[in-house]
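Let me begin by presenting the structure, written as C-alpha cells, before commenting on it.
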Amino acid sequence: MADSFVRVGVFKMIRRVLLGLALASLAGNAYAQDIGGSYDVAGTNHNGTTYGGTATITLTSDTTCEIVWETGSTSNGICSRNGDSFAAAYVLGDAVGLVIYKVLPDGSLNGLWTIAGQGGTGTEVLTPN
C-alpha cells in the first residue's frame, strides 16, 4: 500500500515538472516572437545630430531575424536575440555596422551602435508601433 502511494506521488511530481517545462517552453517562444514587428526609430549619430524613421523586424527563427531601417535611407541587416539582449549587423553604403540593444519590459529596444571606419558610437531607441 505504501509503495502505491509513493508511485502516485512520484507520478504527480513528474507530471508537474513536465507541465512546468512545457509552459516554460511556450513562454520562451512567445518571448522570442514578441520582437517581430514595426518600430518607430529615434536616434543620435556619433556627432550629436538626431535622426528618426521606422524599422521592421521579421523573424526567421525563434532567435534570429532580419531588420530593415528606413531613416532617410534604407539599411538592411540580420539580427539575433538572446534573452533581453538583441544585436543587429547591417550595411550602410560601403560600411558595416553593429548595434546592440537591450530589450526593455515595455517592448522597446534601447541601443548603442557603431559603423566600421567611423569613430564613436550613436544611440538608438526602437519603440513598437
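Regarding region 80-102, can at least one residue be identified that is more than 17 Å from residue 122 (Cα to Cα), exposed (fewer than 15 other Cβ atoms within 10 Å of the Cβ) and among the aliphatic types (A, V, I, L, M)? Checking region 80-102: not a single residue is more than 17 Å from residue 122 (Cα to Cα), exposed (fewer than 15 other Cβ atoms within 10 Å of the Cβ) and among the aliphatic types (A, V, I, L, M).
Of all residues in region 67-104, count the ones that are under 11 Å from the mean Cα position of the chain (by Cα), assigned to a strand (DSSP E or B) and charged (D, E, K, R). Before the answer, list the steps.
Filtering region 67-104 for residues under 11 Å from the mean Cα position of the chain (by Cα) gives 67, 79-88, 100-104.
Remaining after also requiring assigned to a strand (DSSP E or B): 67, 79-82, 85-88, 100-103.
The next check asks that each one be charged (D, E, K, R); those that pass are 81, 102.
The qualifying residues number 2.
So which residues in region 30-73 are in contact with a helix residue (DSSP H, G or I) (Cβ under 7 Å, 6 or more places away or on another chain) and β-branched (Val, Ile, Thr), if there are any at all? Steps first, answer last, please.
As a first pass, look at region 30-73 and keep what is in contact with a helix residue (DSSP H, G or I) (Cβ under 7 Å, 6 or more places away or on another chain): 59, 62-63.
Once the filter is applied, which keeps residues that are in contact with a helix residue (DSSP H, G or I) (Cβ under 7 Å, 6 or more places away or on another chain) and β-branched (Val, Ile, Thr), region 30-73 yields only 63.
Would you check if residue 73 is surrounded by fewer than 18 Cβ atoms within 10 Å (Cβ to Cβ), in the same structural domain as residue 39 (by TED's automatic domain parsing) and within 19 Å of residue 56 (Cβ to Cβ)? Yes, satisfied.
One line per residue, one yes/no per condition, for (1) of a type outside the set (S, T, N, Q); (2) within 17 Å of residue 42 (Cα to Cα):
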{"site": "66", "(1), (2)": "yes, no"}
{"site": "69", "(1), (2)": "yes, yes"}
{"site": "74", "(1), (2)": "no, yes"}
{"site": "82", "(1), (2)": "no, no"}
{"site": "85", "(1), (2)": "no, no"}
{"site": "89", "(1), (2)": "yes, no"}
{"site": "95", "(1), (2)": "yes, no"}
{"site": "104", "(1), (2)": "yes, yes"}
{"site": "111", "(1), (2)": "yes, yes"}
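Number of residues in region 76-129 that are under 13 Å from residue 36 (Cα atoms) and either of a type in the set (S, T, N, Q) or touching a residue at least 60 places away in the same chain (Cβ under 8 Å) (or both) equals 9.
The values are calculated or read from the model by the stated rules, or taken from the named source; none is laboratory data. Just so it is clear, the structure is predicted and the values come from calculations on it, not from any experiment. Backbone-built Cβ (ideal geometry, glycine too); neighbour counts: all protein chains shown.
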